[in-house]
1. Rounded to the nearest 0.05, what FRET efficiency do B:Glu216 and B:Leu58 have when you use their Cβ-Cβ distance and R0 = 35 Å?
2. Using a 1.4 Å probe, what is the accessible area per residue for chain A, in Å²?
3. Along Cα→Cβ, 7 Å out, is where each label goes; now give me the distance between the ones at B:Arg34 and A:Glu241 in nm to one decimal.
4. Mind ranking B:Tyr140, A:Tyr30 by accessible surface for me, highest first, 1.4 Å probe?
5. Heavy atoms only, probe 1.4 Å: what % of the accessible area of segment B:221-432 goes to carbon and sulfur, would you let me know?
6. Give me the percent of DSSP beta bridges within the protein assembly as shown that run antiparallel, rounded to the nearest 5.
7. Do the sum for chain A: with -39,500 (n - 2.57) for every DSSP H run of n ≥ 4, divided by all residues, what is the mean residue ellipticity at 222 nm, to the nearest 500 deg cm²/dmol?
8. May I ask you to evaluate 6.51 cos²θ - 1.76 cosθ + 1.60, the Karplus curve with θ = phi - 60°, for each residue of segment B:52-61 and list the ³J(HN,Hα) values in order in whole Hz, giving x for glycine and proline?
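The values are calculated or read from the model by the stated rules, or taken from the named source; none is laboratory data. Source: prediction; values computed, not measured. Cβ placement follows ideal geometry from the backbone for every residue including glycine, while neighbour counts extend to all protein chains displayed. Each accessible area value is taken on the protein alone, full model and side chains, heavy atoms only, with ligands, DNA and RNA left out. Shrake-Rupley method; radii C 1.70, N 1.55, O 1.52, S 1.80 Å.
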Amino acid sequence: MSDVLPETHNVEMTVSDEIAITIENMNKWYGTFHVLRDINLTVNRGERIVIAGPSGSGKSTLIRCINALEEHQKGAITVDGTLLSSDIKNIDKIRSEVGMCFQHFNLFPHLTILENCTLAPIWVRKIPKKEAEATAMHFLEKVKIPDQALKYPGQLSGGQQQRVAIARSLCMKPRIMLFDEPTSALDPEMIKEVLDTMVELAEEGMTMLCVTHEMGFARQVANRVIFMDQGQIVEQNEPEEFFNNPQNERTKLFLSQILGH
Amino acid sequence: MSDQQAQSVAFVRDTMLPQEAPPASQTGPVKWVRDNLFPDVFNAVLTLIALFFIYKILAGFLPWLMGGLWTTASLAECREILDGATGGCFSVLTERWNQLLFGFKYPPDQYWRPTLAFVMLFVAAAPLLFAMYVPSKVLYFTALYPFIAFWLIWGGTIVVPLVALLGFIVGYMAFKKVEAASFAGALGAAIVSAAVVWFVGGFLSDAMSGVLALPEVPSRDMGGFMLNFILGVVCVSLSLPIGILLALGRQSDMPIIKWICVVFIEFIRGVPLITLLFVANVVLAYFLPPGTTFDLILRVIIMITMFSSAYIAEVIRGGLAALPKGQYEAADSLGLDYAQSMRLIIMPQALKISIPGIVNVAVGLFKDTTLVSVISMFDLVGMIRGPILASTEWNGVYWELWGFAILMFFPVCYGISQYSQWLERKLATDHR
């Protein structure tokens, strides 16, 4: 998998001191099952974090807590200076600042690509339709599918759909982007086009949290890799150190399995 | 192929074959008949039997239709003229068409009013049914239509529907004013301000009962197919939004709302419609303060609407359950609030899935409006069973009258069904 992206071209790091997200002693249960245990994480603006780990380790749940798609039961999450509470207005405010891409794209099948991209800006940001369409076309050009704007999601390939999903999130001008296994549901030849889009986004200094198994992407783009197991952060480090010199036994095993072929 | 020599492998064509028509036995009607009607002995026999039945039915029906009499004054006279020959006594229709369509007490010189309301219905429904072809400005007319139709059909002063309309407008404006602060507060403000307008307007319309007044026709004078049509249109258009709210309520996280909806839906679905109609007719009066008159048609509308909205709620719940969870999550993650994500994302898709079920309920509901004949309202069926068949002139005419009832109901129900199939094709955007 690591050969999907050339490793020669590393993204320049522009991380500011400003803090984008802080997670303090966050715990989450599904019923009695303790999914996330004492998560502590601080993300600076412009940081690009890749979260890896075996399935069931809670990595998706972690980033879904950040925009309150999942509730946490203990601890505090602060996004962009706003403390996440159970108040709906507060949650909607954070969600409109945080973009998210899903494994299964979750485009709206009854709307055209353009309508998918303009819906939230028009209804949440109250931007005039013309302006929202211009913005949408700008981002569709950025993900290189402006010519599909009037089609419906069902007419596009998986890779194209995922790029539309990224464009849809970007149209809200988010300050933080969350990616929940964006390439896991794609055919191999479509993974690259989506990763290219994400690399481009990283180069522009977007704060990104990516749950992914694309270790090539992690090496090239991330300035921190977090490894999770059994609902806990087991190891985190800069990508070079993380891949070349893992400390924890669990990390070593995982890396040998995922990079071993 | 035919001029290729089997023994020589090398082959060069020097003349091109001209295009030829296929053999006559392989195309056209002959082949179609052979393929579809007489492919083998068994199917040929079936075809012949079917043809025989079709012939028998037409042989009975057509002379009856063609030999029918349209101008006699009574059944006895009709039978006398026919003198044993085959033919229908359609003169019951030419003589009683007005009763069949409008009921026997609607003043004949006012027939133009419900007729006009009927024609205007098509204009009012057009932007809702064919949104993509009709300018959206027509929607203003659609909003006004219920008030115009009420005034036309029931008559009386125009002040009454105007006050009703004003109440809705004031309520809406109050809602918009408070909406930003709190949704529940806005709802309360809307209800209170609308109620105030209606209360004050009640005195006003009493005082101005002569303003632009059409002769008043009370509800008990409504009848015939008109009554079925009023009940059908009003109840379908009310039960769809109520059904949507019930379906959403049943999915709600708020336990009290959820359980109110569940109990309502399960209770109404567990009770026969005819029971509810008897409740509307008789029992409801015991629960109302003495002296209050509560319009019978209004009571029936409430009952039928409750009944069908419970069914529609369940149909829509099925549509909601069919949507992947990702659609809710995507809408949430973009920052859409509950009302927006329901209206823009969830409902358009859930309703599309639910179209066949909703149409099923709507068609059933329209036909069930004939049940009001059991609580002695003279709808089309009540009219036939009651005044017409009981009259001395027409006692004994069955086929002609029930045939007429079929002729009234079938096109409407078939039209609804065709429309829904067209709509489904129109909305198919997922290209699976």
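1. Here the calculated transfer efficiency is 0.10.
2. Ligands and nucleic acids excluded, the result is 43 Å² per residue.
3. 8.6
4. Ranked list, largest accessible area first: B:Tyr140, A:Tyr30.
5. About 69 percent, which is the carbon plus sulfur part of the accessible surface.
6. Once the DSSP bridges in the protein assembly as shown are tallied, antiparallel ones form about 50 percent.
7. -11000 deg cm²/dmol, from helical runs alone.
8. 4, 5, 4, 4, 4, 5, 5, 5, x, 7
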